[in-house]
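Comments concern the structure below.
Derivation of every value follows stated rules applied to the coordinates shown; laboratory data play no part. Since the model is a prediction, treat every value here as computed from it, not as a measurement. Here the Cβ is made from the backbone with ideal geometry for all residues, glycine too, and neighbour counts use every protein chain on show.
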Amino acid sequence: MDIVTVTGVFNETKNIKTIRFKWAGRSKPGQFAMVWIPEVDEVPMSISFSGEESGITVLDVGEATWALHNLKPGDRIGIKGPLGKGFSITGKDILAVGGGSGTAALALAVESAIAKGKKVRCALGAKTSGELLFKKRFTDMGADVRVATDDGSEGHHGFVTQLAEKLIAKKKPDLIIACGPERMLAALTEVAAQHKIGIQCSLERYMKCGIGLCGSCQCGRYTVCADGPVFTGGQLAEMADFGKWKRDPSGRKMHC
Amino acid sequence: MAELRTRIAGLEMENPTMLASGILGQTGESLFRIVREGGAGAVVTKSIGLEPREGHGSPCLLELDNGILNAMGLPNPGIDSFGEEMAVALKAGAPVIGSIFSDSPSNFAALARKMEGYGAAAVELNLSCPHAEKFGLDTGSDPAKVAEIVSAVKSAVKMPVFAKLSPMVPDITAIALAAEDAGCDAIVAINTMRAMKIDIDIGKPVLRNKVGGLSGRAIKPVGVRAVYEIAGRVKVPVIGAGGVYTGRDAVEYLMAGASAVQIGSAVRERGIGAFGIVSAEIAEFMKENKYKSLNEIIGLARGK
Ligand SMILES: Cc1cc2nc3c(=O)[nH]c(=O)nc-3n(C[C@H](O)[C@H](O)[C@H](O)COP(=O)(O)OP(=O)(O)OC[C@H]3O[C@@H](n4cnc5c(N)ncnc54)[C@H](O)[C@@H]3O)c2cc1C
Ligand SMILES: Cc1cc2nc3c(=O)[nH]c(=O)nc-3n(C[C@H](O)[C@H](O)[C@H](O)COP(=O)(O)O)c2cc1C
Ligand code: FES
């Protein structure tokens, strides 16, 4: 574990903030870290900014994420990582589909694909216009960004998967990368299979160790922390749990 | 390749490596994979109790220079929902050993009965968790309590009963003898040792539970010593655990008197293939040194 110093906390949407810290972790797109907030908790977070000042982008949902939102420059937190296997970007035309805070997991992949000269289209979804994450960041990077909102306040009125289908119909991408609610990912993998497009999805499971030992993040035969969190369409098809079951901290099955 | 097939307390194993309890052993599919892809000769499940338990808060596991420090706190889904996991694990074809923990002889017996019903090849009594109040060392360090638990379980089930011991007692042979006298069929040694990590920049213990159990390389000499002492006194087989990463580590345990080894922490470095890799390394050591059977190695360092 590395103890790092927070350099800044930035508002992204009304309930999502980015925390930047001094840490040159050399993360590959799609990898994550276990983030220790001393005396509070340790939680998994996708690495959403790399370089000298790495960063995580956090939706406030409970005690640990609230504590992350309330960090101040100069505060110290612990970082274990980079962990897991990230995206492996192949092809020239990439469609990145992000739902809610899941978009954080796509950030480095979008950034590196554009840096490599690939054409990147993004379909971002959120409940409402004010909650869309990284619309400006991805646009500034040079991606073609389209959005969907549940309430119709901006872009496509409805699911981001419907928006993705429209974009696929317009031009078939070489690869889809995605992160968001698991039912969204399950629907998207079906769309990808129908159109015979390769897909890679980043999954979330309850994590304790983050390094493939404790088994709490098991999904089918894979550990999400060490074998994933990014899985290919082929791997997802083997996982009976995908889109259906996850496990609580005791290991009991519950619906996704 | 040298013959690695072995039989311990009636369990037929393709090789003498087993998955240690608590490492990826919580779901049927992961146990299945550790046999089929990982090459384990047998697998031990996560320790299961009567009720679902979330375990301790996070951070609950740290990688240290020489090992792993964990304070998982015995998270488990509870015995009643474990039957479906066992059913999947058993399809792999290797013996599945059900690990259980509890705070009373009658509850241990009830858990063992359920594990037997689920098809476990044997039951492993966790008498040695160093960081879960009431459920480990309190009982595991008292020979009389250990004997009482082993007897209760022996009279409840027909399958072999293994007792897993902690090294953190003044005389581990006294505990092993008490378990053997009460009828246990094999001794497993060792579980993790109480330990702590303080981060000096933060100025606090890192584990949420403050104290955890140390495993991995750091405890191998303790495990080897424990096996050497126990194997000199008991007649039942001893299964060694603690810091087995390579075939040479496994051979060291075998020479101390172990009939098989369990592997846990090494999965971090060598992946789930650790079992097949360690087995191949044991075979290679045997070939290089012209040993034909495991029996020639087991207990070699003790002069038999
Ligand atoms: C690989 C991975 C990457 C993630 N990346 C991000 C990210 O970039 N941005 C972001 O905002 N969130 C991310 N998450 C989710 C984030 O870890 C949880 O929102 C966070 O742990 C909630 O903690 P809490 O104490 O605030 O909430 P709690 O009140 O403790 O829990 C709220 C919900 O969060 C989830 N959760 C809690 N603890 C964990 C845990 N240890 N592991 C997994 N899920 C947990 C549970 O579903 C729970 O129902 C990621 C999760 C994983 C597994
Ligand atoms: C993450 C983790 C969880 C563990 N959980 C259990 C458990 O539930 N029951 C048990 O008897 N031992 C448990 N142990 C101890 C191991 O089974 C083993 O005895 C110990 O780790 C020494 O072996 P190793 O050095 O190969 O890891 C656990 C160890 C680790 C690292
Ligand atoms: S979180 Fe422990 S195995 Fe994935």
Q: Write down, largest first, the equivalent ellipsoid semi-axes of the protein assembly as shown in whole Å, where each equals the square root of 5 times an eigenvalue of the alpha-carbon gyration tensor.
A: 46, 24, 21
Q: Sorted from largest down, give the three principal axis spans of the alpha carbons of the range A:2-83, whole angstrom values.
A: 28, 27, 21
Q. How many times 2.2 N^0.38 Å is the alpha carbon radius of gyration of the range B:6-302?
A. 0.92
Q | P(r), alpha carbons of the range A:127-189 - 5 Å bins starting at zero, rounded % | A | 4, 16, 24, 29, 22, 5, 0
Q: Check cross-link reach from residue B:235 to the aspartates and glutamates: straight Cα distance under 14 Å, and skip same-chain residues fewer than eight apart.
A: B:180, B:181, B:185
(Q) Rg/Rh for the range A:83-141 to two decimals, with Rh computed the Kirkwood way over all alpha-carbon pairs. (A) 0.97
Q) So what is log10(I(q)/I(0)) for the range B:133-179 at q = 0.16, 0.27 1/Å, when the Debye sum runs over its Cα atoms only? A) -0.41, -1.02
Q: Treat every Asp and Glu Cβ in the range A:2-83 as -1 and every Lys and Arg Cβ as +1, leave all other atoms uncharged, and give the resulting dipole magnitude about the Cα centre to the nearest 20 debye.
A: 280
Q) Between residue A:186 and residue A:256, how many nm apart are label points set 7 Å from Cα along the C-beta direction? A) 0.5
Q. Taking the Cα atoms of the range A:1-153, what is the range of coordinates along each of the three principal axes, in descending order and whole Å?
A. 43, 34, 22
(Q) Can you give the FRET efficiency to the nearest 0.05 for residue B:300 and residue A:240, using r as the Cβ-Cβ distance and R₀ = 56 Å? (A) 0.75
**Q.** Inter-label distance for residue B:51 and residue A:88, nm, one decimal - labels placed 7 Å from Cα along Cα-to-Cβ
**A.** 4.6
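More than 27 angstrom separation, counting every C-alpha pair in the range B:160-304; what % is that? Write out the running numbers ahead of the final one.
Values: 2781 of 10440 pairs.
Tail of the P(r) past 27 Å holds 27 percent of the pairs.
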Q) Using a simple spin-label model with points 7 Å from Cα along the Cα→Cβ vector, what separation in nm is obtained for residue A:170 and residue B:233? A) 7.6
Q) Gaussian network model of chain A, Cα springs within a sub-10 Å range: biggest mean-square fluctuation belongs to which of A:30, A:220, A:74? A) A:74
(Q) Based only on other Cβ atoms within 10 Å, what is the fewest-to-most ordering of B:7, A:247, B:270? (A) B:7, B:270, A:247
**Q.** Karplus-derived 3J(HN,Hα), 6.51/-1.76/1.60, for each residue of the range B:120-125, Hz, glycine and proline x
**A.** 4, 7, 7, 10, 10, 8
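Looking at the range A:93-255, what % of the alpha carbon pairs are farther apart than 25 Å? The partial results should precede the final answer.
Values: 4005 of 13203 pairs.
Across the range A:93-255, Cα pairs with separations above 25 Å total 30 percent.
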Q | Whole-Hz couplings from phi, Karplus 6.51/-1.76/1.60, listed for the range B:49-62; x for Gly and Pro | A | x, 5, 10, x, 9, 7, x, 6, x, 9, x, 10, 8, 10
Q) Among all the lysines, which ones have a C-alpha under 18 Å from residue A:170's C-alpha, if same-chain residues fewer than 8 places away are not counted? A) A:92, A:118, A:119, A:196
Q: List the relative contact order of chain A as a percent without decimals, with contacts defined as Cα pairs under 8 Å and 6+ residues apart.
A: 16
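Contour minus end-to-end for residue A:153 and residue A:26, with contour as 0.36 nm per residue of separation and end-to-end as the Cα-Cα distance? Provide the component values of the computation, followed by the final result.
On the way: separation 127, 0.36 × 127 = 45.72 nm, distance 3.76 nm.
Going from the current span to full extension adds 42.0 nm.
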Q: Return the sequence-ordered ³J(HN,Hα) values of the range B:268-285 in whole Hz as given by the Karplus equation 6.51 cos²θ - 1.76 cosθ + 1.60 applied to θ = phi - 60°, using x for Gly and Pro.
A: 4, 8, 9, x, 6, x, 3, 5, x, 5, 4, 4, 5, 5, 5, 4, 5, 4
Q.
Suppose a student asked you for the relative contact order of chain B, using Cα pairs under 8 Å spaced at least 6 residues apart; what percent would you report?
A. 19
(Q) Among B:75, B:111, B:30, which residue has its Cα furthest toward the positive end of the charge dipole of the range B:1-123, with +1 on Lys/Arg Cβ and -1 on Asp/Glu Cβ? (A) B:111
Q. For a label point 7 angstrom out from the Cα of residue B:104 toward its Cβ, which stretches of the range B:58-90 have the backbone nitrogen within less than 20 Å?
A. B:78-80
Q | Residue of B:193, B:18, B:168 that the Gaussian network model of chain B assigns the largest fluctuation, springs spanning Cα pairs under 10 Å | A | B:168
Q) Using a cut-off of 12 Å between alpha-carbon atoms, which aspartates and glutamates can reach residue A:17, once sequence neighbours fewer than 8 places away in the same chain are excluded? A) A:60, A:131
